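Enquirer: Have a look at this one before I ask anything.
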Amino acid sequence: MPLKLILQLSARNLFRYPRRNGLLLLAIAFALAGATFTNALMRGWQYDMLDRAVENLVGHVKVQTEEYRDDPNMLHSFALPQGYQPEISGVAIAGWAPRINVPAVLLSERESRGVQLVGIDPQREDISFYADLNIVGENLSGTADGRIVLGQELARQLQTSVGRKVVVLAQGADGKNRERGFRVAGLFDAQAESLEKAVAFTGLATAQAYLGGSPQAGSEGLVTEISVLLADEPQRLEAVDSLGSEFPDKLVADWRTLQPQAAEMFALADMGIYIIFLFMMGGLAFGLVNTLIAAVMERVRELGMLRAIGMPRRVVLMQVVVESMLIMIVGIVLGLAAGILSVAALADGIDLSAFAEGIDAFGMSALLIPVLSTKDLVMFSSLSLLLGLVASIFPALRAVRITPLMAMNR
């Protein structure tokens with residue numbers, strides 16, 4: 001029997017039992033819509049966590065000295081070559097930034113706090129969260145700006161404000177403690193309160209003069225790290241190899257090595273997506289098998305008559321499988337459409353600011369924006385079709401066992 005005729009018979013049979021097939025379609029569509037929406041939320045959380053990890057002064061790849069990882073101070077800094085520009089063959093670089101990042105103590109007239117003092121080139125910090133900060137007062141004007149920018153929460157704890165002076169104590173490149181006064185240029189408001197309490201910024205050249213002395217010939221001064229942001233995150237391993245060849249005596253690591261907790265959470269999100277999908281579709285599979293078996297048993301006379309007029313067993317099996325796959329295809333289309341529309345309705349994100357303190361511990365921002373992945377949609381569609389095919393095999397085998405005699409006894 002031609003495949004075209006089998007398709008016609010299968011399509012007509014779908015409309016002969018509208019209530020049963022309609023409920024089955026709704027079940028499939030609901031499961032796919034739920035899986036798509038849940039997947040978009042988890043992808044949103046996953047990519048938000050990736051962005052937070054990368055933008056938190058890490059980048060996709062970072063160059064440091066081996067000793068700095070265990071003892072982060074200027075004793076383990078290195079000279080930045082004059083006119084240095086990172087070049088990685090076959091890998092597009094979105095940006096890079098040299099920094100001095102050392103622990104320090106800030107003292108105001110009333111309080112003192114431990115922070116990370118970060119010397120930056122403000123023009124290069126579009127690769128970090130610094131570029132998106134809302135600053136009350138003034139931003140740093142350049143690498144030679146001798147002022148300091150504090151977080152609003154840190155300023156509150158220090159009981160200081162814009163225009164006031166604070167004293168910074170830190171260890172210099174010679175191992176001696178150094179002290180310098182900084183005037184507060186501005187106060188930044190970050191999404192994570194932990195950043196407001198932990199980080200203070202000043203100009204890179206100012207930090208070099210304060211902690212490392214004047215630049216030597218052929219050098220732009222001492223830095224503790226070079227952070228590189230790539231245009232395509234999956235190319236981070238190629239970037240690590242290339243920069244490792246360029247800095248053979250330095251430690252070159254990607255963000256997953258530098259932020260192992262965030263990397264584990266990122267991998268956990270991937271696993272969670274697959275587990276949720278399998279649970280939802282596994283439950284649907286039982287319902288699909290039961291419904292298809294009931295459909296076969298309702299059509300004993302019809303199938304027996306088809307066998308009596310000479311329809312081969314393989315054609316009966318194919319017809320039942322095709323009917324099941326047609327229902328699954330329509331259900332997949334409806335489910336994906338409903339899931340995509342529900343995600344589009346939340347394109348502006350979900351405000352989680354009421355839970356800001358808790359979600360900050362998980363590396364999340366207060367605004368969760370669902371993310372649809374074409375790769376995930378293709379995977380869901382493919383696995384759902386495979387599930388429909390597997391679920392239709394047993395009912396189809398039941399159908400081919402029906403004989404004309406069994407149909408007559410009905």
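The values are calculated or read from the model by the stated rules, or taken from the named source; none is laboratory data. From a predicted model like this one, the values you see are computed outputs, not experimental measurements. So basically every Cβ, Gly included, is an ideal-geometry build from the backbone, and we count neighbours across all protein chains shown.
Enquirer: Specify which of the listed residues (P122, P98) is touching a strand residue (DSSP E or B) at 6+ places or on another chain (Cβ under 7 Å), under 20 Å from V223 (Cβ atoms) and assigned by TED's automatic domain parsing to the domain that holds E67. Outline the logic, then answer.
Expert: On the way: P122 fails: touching a strand residue (DSSP E or B) at 6+ places or on another chain (Cβ under 7 Å).
Residue meeting the stated conditions: P98.
Enquirer: Can you find even one residue in segment 264-277 that is surrounded by 20 or more Cβ atoms within 10 Å (Cβ to Cβ), in a helix (DSSP H, G or I) and either in contact with a helix residue (DSSP H, G or I) (Cβ under 9 Å, 6 or more places away or on another chain) or on the phi > 0 side of the Ramachandran plot (or both)? If you could, list the steps in order and put the result at the bottom.
Expert: At the first step, the residues of segment 264-277 found to be surrounded by 20 or more Cβ atoms within 10 Å (Cβ to Cβ) are 273, 277.
So of that shortlist, the ones also in a helix (DSSP H, G or I) come out as 273, 277.
Retained after the next criterion (residues that are either in contact with a helix residue (DSSP H, G or I) (Cβ under 9 Å, 6 or more places away or on another chain) or on the phi > 0 side of the Ramachandran plot (or both)): 273, 277.
Yes, there is a match, as at least one residue in segment 264-277 is surrounded by 20 or more Cβ atoms within 10 Å (Cβ to Cβ), in a helix (DSSP H, G or I) and either in contact with a helix residue (DSSP H, G or I) (Cβ under 9 Å, 6 or more places away or on another chain) or on the phi > 0 side of the Ramachandran plot (or both).
Enquirer: What's the total number of residues in segment 217-231 that are modelled with pLDDT under 90 and among the charged types (D, E, K, R)?
Expert: Here the count works out to 1.
Enquirer: Please enumerate the residues belonging to segment 316-371 that are among the small types (G, A, S), on the phi < 0 side of the Ramachandran plot and at pLDDT below 80.
Expert: Here is the first cut: in segment 316-371, the residues among the small types (G, A, S) are 324, 331, 335, 337-339, 342, 344-345, 347, 349, 353-354, 356, 358, 361, 363, 365-366.
With the extra rule that they be on the phi < 0 side of the Ramachandran plot, the set shrinks to 324, 331, 335, 337-339, 342, 344-345, 347, 353-354, 356, 358, 361, 365-366.
Selection gives S324, S353, A354, A356, G358, A361, S365, A366.
Enquirer: Please state which of the following conditions R43 fails to meet, knowing it meets all the rest: (1) within 30 Å of A391 (Cα to Cα); (2) among the charged types (D, E, K, R); (3) at pLDDT below 85.
Expert: Single failed check for R43: (3).
Enquirer: Something else: Filter segment 120-164 down to residues that are without any contact (Cβ under 8 Å) to a residue 40 or more places away in the chain and of a type in the set (K, R) and give me whichever is surrounded by the most Cβ atoms within 10 Å (Cβ to Cβ).
Expert: For segment 120-164, the residue satisfying everything is R124.
Enquirer: Filter segment 166-215 down to the residues that are assigned to a loop (DSSP other than H, G, I, E, B) and farther than 17 Å from L150 by Cβ and list them by number.
Expert: Once the filter is applied, which keeps residues that are assigned to a loop (DSSP other than H, G, I, E, B) and farther than 17 Å from L150 by Cβ, segment 166-215 yields G172, A173, D174, G175, K176, G212, G213, S214, P215.
Enquirer: Can you tell me how many residues in segment 47-61 are over 12 Å from A263 (Cα atoms) and hydrophobic (A, V, I, L, M, F, W, C)?
Expert: Count: 3.
Enquirer: Is one or more of the residues making up segment 57-74 of a type in the set (G, A, S), out of contact with any Cys (no Cβ under 9 Å at 6 or more places or on another chain) and crowded, with 18+ Cβ neighbours inside 10 Å?
Expert: Yes, that holds for at least one residue.
Enquirer: Ok, one more. What is the one condition in (1) at pLDDT below 85; (2) crowded, with 21+ Cβ neighbours inside 10 Å that A239 does not satisfy?
Expert: Only one criterion is unmet by A239, namely (1).
Enquirer: Within segment 170-214, count every residue that is under 19 Å from L158 (Cβ atoms), without any contact (Cβ under 8 Å) to a residue 40 or more places away in the chain and surrounded by fewer than 20 Cβ atoms within 10 Å (Cβ to Cβ).
Expert: 4
Enquirer: Based on this model, can you work out whether V184 counts as touching a Pro at 6+ places or on another chain (Cβ under 7 Å), at pLDDT 90 or above and within 19 Å of A104 (Cβ to Cβ)?
Expert: Details: touching a Pro at 6+ places or on another chain (Cβ under 7 Å): no; at pLDDT 90 or above: yes; within 19 Å of A104 (Cβ to Cβ): yes.
Taking the combined requirement at face value, the residue does not satisfy it.
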